[in-house]
Structures are given as C-alpha cells and as structure tokens.
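Below is one structure; the comments refer to it alone.
The values are calculated or read from the model by the stated rules, or taken from the named source; none is laboratory data. None of these values were measured; they are calculated from a predicted model. Because the Cβ atoms are built from the backbone with ideal geometry, glycine has one as well, and the counts that use them run over all protein chains shown. SASA here: full protein model, heavy atoms, side chains in, ligands and nucleic acids out. Shrake-Rupley method; radii C 1.70, N 1.55, O 1.52, S 1.80 Å.
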Amino acid sequence: MSDTKTSPKPADAAEPDAERLSSAPEENDSVPAGMGVLGWLRWFWRQLTSMRVALLLLFLLSLAAIPGSLVPQNTNAFKVAEWKNTHKGVAPLFEKLQLFDVYSSVWFSAIYILLFVSLAGCILPRTWQFVGVLRAQPPAAPRNLTRMPVYAAWHTGAAPEAVNAAAHRLLKKRGFRAAAGSGSVAAEKGYLREVGNLLFHFALFALLAGFAWASLFSGSGTKIVLEGQGYSNTTTQLDDFTGSAFYGVDDLDAFGFKLDGFTAEYQTQGPAAGTAKEFVANVRYWDGADSGKQKNARIEVNHPLEVGGSKVFLTAHGFAPVVTVRNAKNEVVYRGPTPFLPRDSNVTSPGVIKVNDYGTDAQGNKTQLAFKGFFLPTAASDFTGTGPISVFPAAADPRLVLNVYAGDLRTDSGLPQNVYELDDKAMTQLKVNDAPATAILKVGEGWELPDGYGTLTFDGYQQWANFTVSHRPGNAVALLGAVAAILGLIGSLFVQRRRIWVRATAGADGRTLVEIAGLGRSESARTAEELAEIAVDLQDDAPAAEEPPAAEEPPAAEEPPATEEPPATEEPPATEEPPGSESPEDDAPAAADSPAAAVPTAPETKE
C-alpha cells in the first residue's frame, strides 16, 4: 500500500508530545480564587513575566521616549530656558511631569525596571524548558502515523531491522537528531528556531542592560576650538558638561589635543551645490597628563578620535570674525576672534561680540559695548526682504553685518549667561538719524561708531570646529545586543521546527511495510518536500516491491452469425460460465498499491 498526504489539521489529541514543538511555558490567565495575598502575588508574577506583558512594556518604553525627543532636556539648559520662556503656560506642568528629564524620571525608570524583570522572568524558565528539550530524546512515533499532516508508505522486500537502521543513518546524515526505538526511528530538527527566539530575548535584555550601563556611567561635553588653539579634557575647558550618577567631573579621562587646521569642501556645481564633500579636523593629541608626546590624527564626521575610554566627535564647524575695537581715545579695548554659530546649511552665522573692558563713555560713565549681527561667508547681493543671509557655505565673499549697543552687559550680576546671546535689558542700541546704526563690512574695512564711541575694524576670520567628548562604556554591549537581536529574529522567522518518524514492520504476506510521517510546528510545504526527499533516498536501501500482476480477463466470446429468429416456442441454450471464473473487478489491485505511487515526490494536499 502507498499513500502520501498533507493536511492542515495536526495530530490527534491523543499524541500531545507530537503536537507540541514549542519550549515556551504555558500561560495561565485564570485569576486565583480564594488564595489570599500569596495567590494574587503569584498571579501578578505570572502576568508580569508573560511574553504578552513584556511586549506591552517594550511598546510603552518606546512611547515614553517620544517626549524626550520632542521636549528639550535639562542636558541643554539654554534650550530648556528658551522653551520655558516661549511656553510659559505649560512649563510648570511639564516640570511636574518631569518632561525635561524624561530618561531619569520616575515613570520612565518604572517602565524600564518592569521590562527588565519581565524579560528575566520570561527568559529564564523558557531557557530551562529548552535545555530539557535538548536533553530528552525525540518523541517516539505515534501509534497511527496516518493521522500526521504529512504521510507516505510503501512495501519493500528489505528486512524491517535493515530499513530502520538505514533510516537512522539517513536522518543523521541530513542533520536530524535521531533516536532508534522498537521498530521505528524518531528524528527532530530545527532547534535553531527556538535558539533564535531565546537569543532575540537575551539580546533585548543585553540591549537594555547596555543602555542602563551607559546612563549610569557616562558623560559628555562640548567644546568649540579655534584653529591654532588647543583643548585639555577638564571641566574648566568644556563649554558644557553632562554627567551621570557614577560619572562626574573627577572621572574625566586625561588627554588633550590641538587643532592645527580645519578643512571643509563643498559641491560647487549642479543641483547639489553647497553640499558638504569633506569635513576634516587635523589635530595633534596626547594621552595622559604629559603633553610632550603628541600624535597626529584626523577627526572626521562619524570617524571620532578614541583616546583612553573617551571618543572625540566632530559635530559642527563655523567661522569666527576677527575684529579690533578702539575707544574714543583710540585705545585698543578688544581684539581677537569671536565664534559665530551657524543657523542654516549656508552657514549664515548670527553672533555677539561683547566688549567688557571698554572703559568710560564721553560723559565719564563706565560702560560696556556689544556688537550683534551676522557673519556671512558668501553674502547675498541684496538683503531686501530676506535680511542678512549667506548663499554658499564656503568663504567666497565674506561680510560682517553689525549693530552696536552700549550700556551694562550684566556679566557681573552672578546669573548664568549664554556667551552667544545678548542680554540687552540694560543696553541701549545706538542709532543714526533715528535708525539703528548698521555696518556691512568687508575684510579690512572699518566702522566709525556713532556718538563718539570709537571704531571697529574687520580684520579677517578664523574657522572653528565643535567637538563632543563622550564617555559611554555601554555602547559596545548595546551594539552587540542589537546585532544578536537581528540574528535571533532571522533564526526564529526562517528556521522551521519539524519531526520525522520512520516505522518498518513485517506484514503477513512476508513483505515489509515502510511508513514515514512528518510534523512541522507551522504549516509549510517544506515539510512535505523534505519528507518526499527522505522517502526517495530511503528507497536505495528499501526499494518499493513490485506488486503481483493482476488476473487477466478471459477473451470476449465471439457473437454467432446472424440467423433467422427462432420460433417463439424455442429458447436459446443457456451460456455457461467457465468453472472458477470471477469478475475482473474483484481481483484488481488498488491504485495506491501500484509501484508508481510508492515514491511521494509530489504530496497531495487534502482540504
């Protein structure tokens, strides 16, 4: 007999081991009744450590991170202050909700910790369950293999023991974990599916651990360095610094560097004109406190300099106009470069030049000056309707556009102040003919200030580069976790867990009946295809036996020649059947017993 079939219906309920291929612990959603506090705690633990709740917490964590990207965080105090001044109505509410410290808030930490506990509660029992599956033998063949989703059978002249031994060797050769039983062989394959599943969840745990490590032991700061100037990794040198619970100003790595030059190249033609081609900062750095041993290095975008446990990233660049300010007595009261910060891709750079030591005005009162305006690397030919703008990021035609203020800069008030912004509450803008005094200067040009405040000369410009010094020890762990999560997801999606059983038994007619059946964790045509390949390979050792030929039909009797119709009184003689003759339909073999149907190369799907 030969038969091959596939069916979406799994094995019967009498074979639970054959039906269950997952090592995931069974979940019980029923609420305990009458078990008291201990019962409720056990029920809560089961809910918390279920995969459903772990995925829900992961989703909540992603939602909770959204305010951290939309609302400025206290790591940048100036942006937070600006946001509060713009949204004074909701600022107190945001303070109470800790939206300016999202990643260290109580509610974000609670979701984070619950997700840790949930993942640990999911992974550990599931891993132990899977270890038990690996240590156990593949489940024995069910009593009725015909109820398996994929099934094939044929008769052979080989001995049952030889067929089972050949099946065991064949399944081993094909990578199955096979075990020979009494009269049958059980094999299982596809453990990488559950390995990938566990690896994915372990990777999520490692990813969260890496983020936690980084948030507890990391710190970063920024520094604008002019060409020709240097930097030492101390808090007094940094423009701003953000630490963590276990990383402060005393934990900074000892190193420094000097910016020898900065190179910026841009596309000059085509639709991509103005797009950056290359940003390179050429530096000489030293590791440790000894600055005598210096090494040359290039810092580029996405190619940081690694010194000790810190990385130095190139994050921005711009220009610093160099000006000379003289007072009414023609004394130099200010000279040097002042960094202006770019606000667009063409490096239109607003900025403030503060002259704290100007001296006294014409009336003898102590005063200070401030120049507020723009540095334009390639100035537009006309500012009408647009204001001062640059049309190209490189310094092809630089201009310095300034207004002047006199008064008190309030730098001695004790309040923190942004060096790149002007506090004009105690300042007066100087005017000419009731209009703000404005100058548009080329390199080398001067400006005579109104009301006898002296002169300003635009001497030239320097380039600066902004560096971010970062110490994040958990990045490597988070990266490995992300890579492992992708690999685990690939394994859990594309590897199929399946089982194969082969049973060879002796029949009453002296032939051996070979049965082969397969069961996959999910319905797939690959199971039927693989079982067909195994059946074909197994026929080298257990060839299908030829069925006995069917009984030949007796030749049809010839009709007598046509004669005259006999008289009605005479009856024709009765034709007797030959002794022992039977109907041909009674002895015909079934179609499934034919040798052509013995090899299941194209299984039939039964709905």
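Looking across segment 119-143, the residues that are over 25 Å from Arg46 (Cβ atoms) and surrounded by 14 or more Cβ atoms within 10 Å (Cβ to Cβ) come down to Pro138, Pro139, Ala140, Ala141, Pro142.
Among the criteria (1) under 30 Å from Ile440 (Cβ atoms); (2) at pLDDT below 95; (3) among the aliphatic types (A, V, I, L, M), the one Ala289 does not fulfil is (1).
Could you look through segment 150-195, keep only residues that are open to solvent by less than 20 Å² (accessible area, probe 1.4 Å) and modelled with pLDDT under 90, and pick out the one that is farthest from the chain's Cα centre (by Cα)? Looking at residues that are open to solvent by less than 20 Å² (accessible area, probe 1.4 Å) and modelled with pLDDT under 90, I get Gly190.
Can you say whether Gly309 is surrounded by 21 or more Cβ atoms within 10 Å (Cβ to Cβ), touching a residue at least 60 places away in the same chain (Cβ under 8 Å) and of a type in the set (Gly, Ala, Ser), as far as the supplied structure shows? Spelling it out, it is not the case that Gly309 is surrounded by 21 or more Cβ atoms within 10 Å (Cβ to Cβ), touching a residue at least 60 places away in the same chain (Cβ under 8 Å) and of a type in the set (Gly, Ala, Ser).
Figure legend. Inter-residue proximity from segment 85-105: first residues within 16 Å of Leu61 (Cα to Cα), second residues among the hydrophobic types (A, V, I, L, M, F, W, C) and in a loop (DSSP other than H, G, I, E, B), beta-carbon distance below 6 Å, spacing 6+ or different chains. Indicated pairs: Leu99/Val71. Flag set for Pro473, criterion: surrounded by fewer than 18 Cβ atoms within 10 Å (Cβ to Cβ) and touching a Ser or Thr at 6+ places or on another chain (Cβ under 7 Å).
When Asp424 is tested against (1) open to solvent by less than 50 Å² (accessible area, probe 1.4 Å); (2) under 48 Å from the mean Cα position of the chain (by Cα); (3) without any contact (Cβ under 8 Å) to a residue 60 or more places away in the chain, only condition (1) is not met.
Being open to solvent by 80 Å² or more (accessible area, probe 1.4 Å) and among the β-branched types (Val, Ile, Thr) is the filter here, so list the residues in segment 259-306 that pass it. Selection gives Thr268 alone. Taking Gly181 as the residue in question, decide whether it is out of contact with any strand residue (DSSP E or B) (no Cβ under 6 Å at 6 or more places or on another chain) and under 16 Å from Ala141 (Cβ atoms). Yes, satisfied.
Step by step: first the residues of segment 494-526, then only those that are of a type in the set (A, V, I, L, M, F, W, C) and at pLDDT below 90, then the one that is least open to solvent (accessible area, probe 1.4 Å). Which residue is that? That would be Val495. Flag set for Leu204, criterion: among the aliphatic types (A, V, I, L, M), farther than 30 Å from Gly336 by Cβ and modelled with pLDDT under 90.
Residues of segment 75-94 include none that is in a loop (DSSP other than H, G, I, E, B), at pLDDT 85 or above and within 26 Å of Thr468 (Cα to Cα).
Contact map, segment 154-179: first residue polar (S, T, N, Q), second residue open to solvent by less than 30 Å² (accessible area, probe 1.4 Å) and not in a helix (DSSP H, G or I), Cβ cut-off under 6 Å, separation 6 or more or different chains; pairs are Thr156/Thr512; Thr156/Val514; Thr156/Ala542; Thr156/Ala545; Asn164/Val185; Asn164/Ala504. Of all residue pairs spaced 6 or more apart or on separate chains, those with beta-carbon atoms under 6 Å, a first member in segment 521-540 that is assigned to a loop (DSSP other than H, G, I, E, B) and a second member that is surrounded by 12 or more Cβ atoms within 10 Å (Cβ to Cβ) and not hydrophobic (A, V, I, L, M, F, W, C) are Arg521/Arg497; Ser524/Gln496. Take the conditions part of a helix (DSSP H, G or I), in contact (Cβ under 8 Å) with a residue 60 or more places away in the chain and surrounded by 15 or more Cβ atoms within 10 Å (Cβ to Cβ) and apply them to Val225. Does it pass? No: the conditions fail for Val225.
Each row is one residue, and each column tells you yes or no for (1) among the polar types (S, T, N, Q); (2) open to solvent by 30 Å² or more (accessible area, probe 1.4 Å); (3) closer than 22 Å to Pro321 by Cβ.
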site	(1), (2), (3)
Gly221	no, no, no
Asn233	yes, no, no
Thr236	yes, yes, no
Asp240	no, yes, no
Gly243	no, yes, no
Val249	no, yes, no
Asp253	no, yes, no
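Among the residues of segment 370-391, count how many are of a type in the set (Ser, Thr, Tyr) and open to solvent by 50 Å² or more (accessible area, probe 1.4 Å). The total comes to 3. What do you reckon, is Val347 in a loop (DSSP other than H, G, I, E, B), in contact with a strand residue (DSSP E or B) (Cβ under 7 Å, 6 or more places away or on another chain) and open to solvent by less than 50 Å² (accessible area, probe 1.4 Å)? Answer is yes for this residue. In segment 366-387, the qualifying residues are those that are of a type outside the set (A, V, I, L, M) and assigned to a loop (DSSP other than H, G, I, E, B), and the one that is modelled with the highest pLDDT is Pro377.
Residues in segment 142-198 that are among the small types (Gly, Ala, Ser) and farther than 19 Å from Thr527 by Cβ: 11 in all.
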